[in-house]
Ligand SMILES: [Zn+2]
């Protein structure tokens, strides 16, 4: 990639990640709202946010404020949405507002996703480590609510 192409990719990454952040606002979860987009060949082929499965009540927490065990993460919702579509995620990029957990990392690997751009580091790093072991490029982009985003790490 030339420097110009790299800059273009960086700008696109920031925009898609901002869109994922807006998409997270759809989530009914109170504890944490996460949004994800899957982009392939410059097309958004899927989207997701954390929440209960289709047909369930839009409440993520139980009476004690704990997240219900059947809440799907944003990445899992985006990936499984593709399973119901005519598309496929092979070679795609996943944009997600928080770094994937290990359960989602497994799905990301098996879905053929090649790149993961995320907006903030999740408390556990084992998901990212698994992705890196599978040869998936991971990129942390910190986007302030206002101002110019900056690249924090590019392993
Ligand atoms: Zn997850």
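Read-outs throughout are calculated quantities, based only on the coordinates presented, and are distinct from any laboratory measurement. Quick caveat, the model's predicted, so the values are computed rather than measured. Positions of Cβ are backbone-derived with ideal geometry, glycine not excepted, and every protein chain shown enters the neighbour counts.
Once every DSSP H run of n ≥ 4 in the chain is given -39500 (n - 2.57) and the sum is divided by its residues, what mean residue ellipticity at 222 nm do you get, rounded to the nearest 500 deg cm²/dmol?
Numbers: 4 runs with 48 residues, N = 155.
Value at 222 nm, helices only: -9500 deg cm²/dmol.
How much length would be gained if the chain were fully extended between residue 110 and residue 22, taking 0.36 nm per residue of separation minus their Cα-Cα distance, in nm to one decimal? Could the numbers behind the result be given before it?
Numbers: separation 88, 0.36 × 88 = 31.68 nm, distance 2.65 nm.
So the chain would gain 29.0 nm between residue 110 and residue 22.
Could you line up 67, 52, 97 from fewest to most neighbouring Cβ atoms inside 10 Å? Before the final figure, lay out the partial values.
On the way: 67 14, 52 17, 97 25.
Listed from fewest to most nearby Cβ atoms, that is 67, 52, 97.
Mind checking the angle between helix 3-23 and the chain's longest principal axis? C-alpha axes, 0 to 90 degrees, to the nearest 10.
Relative to the chain, helix 3-23 is tipped by roughly 10 degrees.
Along each of the three principal axes of the Cα atoms of the stretch 10-59, give the extent in whole Å, ordering the values from largest to smallest.
36, 20, 9
Of all beta bridges DSSP finds with both residues in the chain, what is the antiparallel percent, to the nearest 5? Each step should come with its number before you reach the end.
Working: 15 of 23 bridges.
The antiparallel fraction comes to roughly 65 percent.
May I ask for the angle, rounded to the nearest 10°, between helix 74-83 and the longest principal axis of the chain, with both axes built from Cα atoms and the value confined to 0 to 90°?
With rounding to tens, the tilt is 90 degrees.
Given a cut-off of under 8 Å on Cα pairs at least six residues apart, what relative contact order in percent is computed for the stretch 1-87? Intermediate results must be reported in sequence, preceding the final value.
On the way: 127 pairs, mean separation 20.9, N = 87.
Relative contact order comes out at 24 percent.
Please report how far the C-alpha centroid of the stretch 81-133 lies from that of the stretch 18-67, rounded to the nearest whole angstrom.
Between the Cα centre of the stretch 81-133 and that of the stretch 18-67, the gap is 14 Å.
What's the extension gain from residue 32 to residue 123 if we count 0.36 nm per residue and subtract their Cα-Cα distance?
On the way: separation 91, 0.36 × 91 = 32.76 nm, distance 1.28 nm.
Working it through step by step, the gained length comes to 31.5 nm.
If the viscosity is 0.890 mPa s and the temperature 25 °C, what translational diffusion coefficient in µm²/s does Stokes-Einstein give for the stretch 73-118 when Rh comes from Kirkwood over Cα pairs? Could the numbers behind the result be given before it?
Numbers: Rh = 10.5 Å.
Calculated translational D: 234 µm²/s.
For labels at residue 10 and residue 43 in the simple 7 Å Cα→Cβ model, what's the distance in nm?
Distance between label points: 2.9 nm.
Arrange 18, 133 by Cβ neighbour counts within 10 Å, fewest through most, would you? Kindly include the intermediate steps, with their values, before the conclusion.
Numbers: 18 17, 133 10.
Starting with the residue having the fewest Cβ neighbours, the order is 133, 18.
Take the stretch 21-113, compute every pairwise Cα distance, and split them into 5 Å bins from 0; I just need the percent in each bin.
Values per bin, smallest distances first: 3, 15, 26, 25, 18, 9, 4, 1, 0.
At a 10 Å Cβ-Cβ cut-off, how would you order 95, 10, 70, fewest neighbours first? Mind showing how you got there, number by number?
Numbers: 95 32, 10 15, 70 9.
Least crowded to most crowded, the residues run 70, 10, 95.
Taking the Kirkwood radius as the inverse of the mean 1/r across Cα pairs, report the Rg/Rh of the chain. Intermediate results must be reported in sequence, preceding the final value.
Details: Rg = 15.1 Å, Rh = 15.7 Å.
Computed over Cα atoms, the ratio is 0.96.
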